[in-house]
Amino acid sequence: MQYHQFHAMNTTITLGAEEPQHTAVFTMAKGFIERNEKRFTRFMPDSELSALNRSAGTWFYASSEMMGLLDAAVECHKITNGLFDPSILPDLQAIGYTCSLGDISTSDAEPSLATHSRTSSSLFSEMELEFTKGRVCLPEGMQIDLGGIAKGWIAENAAKCVTGFSPACAVNAGGDMFLIGQPQGQAVWEVVLEDPLDPSRDLMTLLVEGGAVATSSVTKRTWNQEGMKRHHIINPHTGGPAESPWLSVTVFAPKAVLAETFAKAILIAGPNQSQSLLDDHPEISFLAVDAEGYIWTSPTEKERIHEYA
């Protein structure tokens with residue numbers, strides 16, 4: 001297995017390929033990731049997402065990539081009963097998440113409590129998509145953040161770029177990954193799970209067949225705001241950081257957008273409501289870690305993960 005690492009999407013990206021036909025495949029995948037980061041990020045004023053947010057209330061002619069991801073986001077919003085909701089961007093900004101998390105963590109000044117609030121009372125599901133014309137209309141005042149679902153989409157499609165040149169490949173975007181095939185001589189991929197109680201320690205090694213793996217955590221990326229500890233997992237029902245007995249949730253799914261969506265939704269739902277989210281999705285499994293270090297698993301988890309090493 002050959003590897004290539006670089007920084008993008010505010011994290012370390014690792015590309016892996018088994019006997020690639022030529023190393024230029026890594027350059028191609030890197031270029032794909034960087035182009036689409038610039039398309040979907042809210043932190044660049046000239047990104048397509050920023051332009052879409054500025055257009056709220058009017059029709060916006062979008063790229064096919066943006067239209068496809070927005071369509072997936074609408075479906076994810078529906079199947080999680082609204083726990084996945086890209087329209088929480090004003091809530092993220094209100095708690096100080098106004099720039100990339102790397103910039104927040106390196107700043108000496110704590111972000112101030114924002115006085116602004118949502119300017120749209122519309123639901124995310126009220127966004128209009130016209131595929132025949134390639135255009136989208138956000139309700140007036142709505143602002144969206146595609147965050148994790150965009151990262152997952154980018155990782156999966158970057159892996160698909162590589163798979164045409166290698167029998168097995170993987171893209172790891174800061175712990176969220178997409179795996180295709182199997183490494184030479186192995187039936188599974190080894191995926192290291194970080195301990196949310198101690199990020200310097202590995203909690204376990206999981207043996208995974210393939211597909212998408214995504215983790216949401218309330219401990220990995222945090223900051224202080226006027227004496228209050230904040231994290232970026234917003235509960236759309238309250239507009240504030242999610243309060244859950246689970247510190248992290250790792251989801252295994254056939255598609256990256258599903259893994260990203262359900263990792264966040266299950267963490268917000270917690271142990272009392274999480275299983276109801278999965279009743280119609282037997283292809284998805286998860287494991288969660290609580291504040292005591294206890295590991296919770298879904299009933300289908302053992303079918304997706306062979307064992308703990």
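Every number in this text was worked out from the coordinates using simple rules, so none of it is lab data. Keep in mind it's a predicted model, so treat the numbers as computed, not measured. Cβ atoms come from the backbone with ideal geometry, glycine included; neighbour counts cover every protein chain shown.
Just a few scattered comments:
- Ranking of GLU37, GLU128 by neighbouring Cβ atoms within 10 Å, starting from the fewest: GLU128, GLU37.
- Counting every other Cβ atom within 10 Å of each residue's Cβ, ARG35, ARG42 order from fewest to most as ARG35, ARG42.
- Selection of chymotrypsin sites (Phe, Trp or Tyr not before Pro), the stretch 128-203, meeting DSSP coil and at most 13 other Cβ within 10 Å: PHE131
- Kyte-Doolittle mean at least 0.5, axial Cα span of 20 Å or more - DSSP H helices of the chain: 256-277
- For the stretch 152-208 versus the stretch 26-51, the gap between their alpha-carbon centres in whole angstrom: 22 Å
- Inter-part distance where the stretch 54-99 and the stretch 243-261 are each reduced to a Cα centre, Å: 18 Å
- Fewest-first ordering of ASP195, ASP145 by other beta carbons within 10 Å of each residue's beta carbon gives ASP195, ASP145.
- Each residue of the stretch 164-170 was assigned a 3J(HN,Hα) from its phi angle through the Karplus expression (A = 6.51, B = -1.76, C = 1.60, θ = phi - 60°), giving x, 10, 8, x, 8, 7, 8 Hz with x at Gly and Pro.
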